[in-house]
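Before any comments, here is the structure.
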Amino acid sequence: MTTDPSQIPVEELTEESAALELERLAREILRHDALYHGGDAPEISDAAYDALRRRNLAIEQAFPGLVREDSPSRRVGFVALDKFEKVTHAQPMLSLANAFSDEDVADFWDSVSRFLKLDGRPALTAEPKIDGLSLSLRYEDGRLVSAATRGDGVVGENVTANAKTIADIPSILAGEDIPDIVEVRGEVYMTKQAFQALNAKLEAEGKPLYVNPRNTAAGSLRQLDSAITAQRPLRFFAYAWGEMSAVPRGSQMEMVSLLAEWGFRTNPLMQRFDALEALLEHYHAIEEGRADLAYDIDGVVYKVDDLALQARLGMRSNSPRWAIAHKFPAEKAWTELKEIEIQIGRTGALTPVARLEPVTVGGVVVTNATLHNEDYIRGIGNDGLPIRGGKDLRAGDTVMIQRAGDVIPQILDTDLEKRTKDSTPFEFPTICPACGSHAVRETNPQTGRQDSVRRCTGGLICPAQAVERLKHFVGRNAFDIEGLGDKQVEFFFHDADLPVKTPVDIFLLREKDGASLKKLKDKEGWGETSAKKLFDAIDVRRDIALYRFIFGLGIRHVGEQTAKDLARAYGDIGAFSAAMRKLAAGDEQAREELIAIDGIGGTVAFALMEFFAEPRNVDVYDALLREVRPQPAEQAASDSPVAGKTVVFTGSLEKMTRDEAKAMAERLGAKVSGSVSSKTDLVVAGPGAGSKLKKASELGIETIDEDGWLELVGQA
Ligand code: IVH
């Protein structure tokens, strides 16, 4: 008789063995999710993975009382392995031409009149342009049958199950005049408040945060597990339609009211205008009220109201001639620069940050802006030329902030008239504020120019660098320890009972098990379950891809790509360690071998040598290797059609994330680059590809789309 619970058929499990088995499965599935999620090669086939999940579910059904809090059937956060089905839109989902000024709008309106040979201007509707993602909902006999994302406008993804979780989307249409076939189009979005609440929750759980409400809405709608979508408060505004077996009304305004009668939410700010002045007034009113809206908008959309005229106007290649989006300019605002603070990075860089009197810019409260380096504060750009007319920045200044899209806010200008007489230029520290070591600007030996960055020379003794190194170590592209985010790292670093000062300490946390648990569970924000969960998440990462291990060390100039190059070249941790020891001892052959690796140059070699020549680094390194097991690097396939080729991905991808695409290409032996040059062999371009695609065609580089790529690598 077998005693290994993993071998016992579900029907024969006792309560006790079922509990054990559920625990094993939770851990095992989490590990495979992490491998997959981290872009690593999965260790087991999809079928074997599904079998694990099915077994977990079967046991849970047999023993409902044993369902664990961390059960894979409950867990949120990992994308499943399957992909969305493709849907070809019955009518393409168009995009909109843009207007950036009042004149552009006047030109648009005139061109409409000219096209139609009208004397006056036909009425236009004006409504906010919602910053979300568009969705097409198909109703047959009044019932929702499918929901699809825009995709490339022609083919989208079937997200029906997810759309059904959105309260603003009726499953059955109500009211009158409902044609047999109705395709309603509109925008899925998340309110600013819901976005902030979700991020606060993710932060508390130590998970990576979303950038803005739009990305969050997109990420939430494109979850393969609709249970996750259901937990995200998504909203929907209806504003257009696709295929209709009959169009029951004659104008845009009337059609949108009909959509509202059928049960959709429509935007209350939509209005109809006959004159330019009033139209622009509405635009500016919406722009001014933007910050007070519950959701993000990025412009105002104008549409010809009369549907018969819309039909006559028709469309250009991918946008209608009867509509235009009047975009808002990048948001600017004046506020007080209260203080200039210095942050110290992992490699000792002193980075100045502007602490601002909070100000709303583009609907987001801005409290910080980047100041880059000391030259920037003085009014000198990277090229040595003046910026802001050479004006320096000082605490107490009134400064102009700009926020454009997802970019970190910038300071554009400072008002010298408002500067007080007693203000003094900012004195950039030459001593590290965290450890008191000298902070210096190195001279680049190649150019002879002074580095723009001032760096703390404290290295291992600098506590600020140590914390940043830890954050890097547990970060997404390194050890990716779930539940151990920046906040938790700060907590443990400064905690007197459970101090975590080096990466090794992380793996020793559990060892003090009983004691640690006891200490941790009494602390604010921690309970027994969360503490145990954390220890488990740490254990899951004891088996780690070699490149993640190398990257996690946080050696200067060793980024993710360099870590991958090193891992691939040395193959396993033994070979890597031996080579590094020789390098540190001044072995010329080891150095030559190192710089012979494609992608590794003198700068990286020197940084590695410096790191491994420091005994304290080597102590931590050796101790760490007693705790974790770096896994041999996968040898890239050399027989794949893209082996050895340099590939660039540009535009948006529909079937995989950028990270997935990159991991796939690398597994197949290709090198992925971010920019197109004469060295590029292949460009994979998705919708929205711009300058890179243009450059590729100028250079005559082969260009294919995402499907072409999947076909090429045999994954179609
Ligand atoms: S009308 C045929 N109205 O903007 C025109 N689009 O740049 C169909 N959008 O893909 C679009 N708010 O996702 C329209 N009130 C609005 C909109 C809106 C946001 C988005 C939509 C579209 C994109 C075009």
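The values are calculated or read from the model by the stated rules, or taken from the named source; none is laboratory data. Note that the structure is a prediction, hence the values are computed from the model and not measured. We place every Cβ from the backbone using ideal geometry, glycine too, and count neighbours over all the protein chains shown. What goes into the accessible areas is simple: the full protein's heavy atoms, side chains included, and nothing from ligands, DNA or RNA. Shrake-Rupley method; radii C 1.70, N 1.55, O 1.52, S 1.80 Å.
Listed values, structure above:
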| read-out | value |
| --- | --- |
| Residue list for region 674-706, restricted to those being open to solvent by less than 70 Å² (accessible area, probe 1.4 Å), without any contact (Cβ under 8 Å) to a residue 24 or more places away in the chain and not in a loop (DSSP other than H, G, I, E, B) | Thr703, Ile704 |
| Near pairs, Cβ below 7 angstrom, 6+ apart or cross-chain, from region 413-440 (closer than 19 Å to Met400 by Cβ and touching a residue at least 12 places away in the same chain (Cβ under 8 Å)) to any residue that is surrounded by 14 or more Cβ atoms within 10 Å (Cβ to Cβ) and aliphatic (A, V, I, L, M) | Asp413/Val399; Asp413/Met400; Thr414/Leu393; Thr414/Val399; Phe426/Ile340; Phe426/Ile377; Phe426/Leu393; Phe426/Ala395 |
| Hits in region 236-258 - residues which are open to solvent by less than 40 Å² (accessible area, probe 1.4 Å) and either away from the ligand (no atom under 13 Å from the Cβ) or of a type outside the set (Phe, Trp, Tyr) (or both) | Ala238, Ala240, Gly242, Met244, Ser251, Gln252, Met255, Val256, Leu258 |
| Qualifying positions in region 168-196 - in contact (Cβ under 8 Å) with a residue 24 or more places away in the chain and open to solvent by 40 Å² or more (accessible area, probe 1.4 Å) | Ser171, Ile172, Ala174, Gly175, Glu176, Asp177, Ile178, Asp180, Ile181, Gln193 |
| Members of region 319-342 found to be within 16 Å of the ligand (Cβ to nearest atom) and of a type in the set (Phe, Trp, Tyr), listed by number | Trp322, Phe328 |
| Residues within region 68-121 that are at pLDDT 85 or above, farther than 23 Å from Asp152 by Cβ and away from the ligand (no atom under 16 Å from the Cβ), tallied | 17 |
| Qualifying strands (runs of 3 or more DSSP E) (wholly inside region 296-403; at least 2 residues being open to solvent by 20 Å² or more (accessible area, probe 1.4 Å)) | 331-344, 349-361, 364-370, 398-403 |
| From Lys487, Lys523, Lys533, residue being without any contact (Cβ under 8 Å) to a residue 40 or more places away in the chain and either of a type outside the set (S, T, N, Q) or part of a helix (DSSP H, G or I) (or both) | Lys523 |
| Among the candidates Gly345, Gly314, residue that is more than 11 Å from the ligand (Cβ to nearest atom) and over 30 Å from the mean Cα position of the chain (by Cα) | Gly314 |
| Count of residues meeting criterion [away from the ligand (no atom under 13 Å from the Cβ), of a type in the set (Gly, Ala, Ser) and closer than 21 Å to Val112 by Cβ] in region 283-308 | 1 |
| Criterion (hydrophobic (A, V, I, L, M, F, W, C) and under 22 Å from Gly475 (Cβ atoms)) met by exactly one of Leu594, Leu566, Leu583 | Leu566 |
| Extreme residue, most open to solvent (accessible area, probe 1.4 Å), among residues of region 267-279 that are away from the ligand (no atom under 13 Å from the Cβ) and within 13 Å of Pro128 (Cα to Cα) | Arg272 |
| For Thr420: the one exception among (1) farther than 23 Å from Lys338 by Cβ; (2) modelled with pLDDT under 95 | (1) |
| Strands (runs of 3 or more DSSP E) wholly inside region 123-235 that include at least 1 residues being away from the ligand (no atom under 16 Å from the Cβ) | 133-140, 143-149, 181-190 |
| Hey, Glu261 without any contact (Cβ under 8 Å) to a residue 24 or more places away in the chain, outside any loop (DSSP other than H, G, I, E, B), open to solvent by 40 Å² or more (accessible area, probe 1.4 Å) and more than 13 Å from the ligand (Cβ to nearest atom) or not | no |
| Residue satisfying condition, being of a type in the set (Gly, Ala, Ser) and more than 27 Å from Val256 (Cα to Cα), within set Gly151, Gly219, Gly156 | Gly219 |
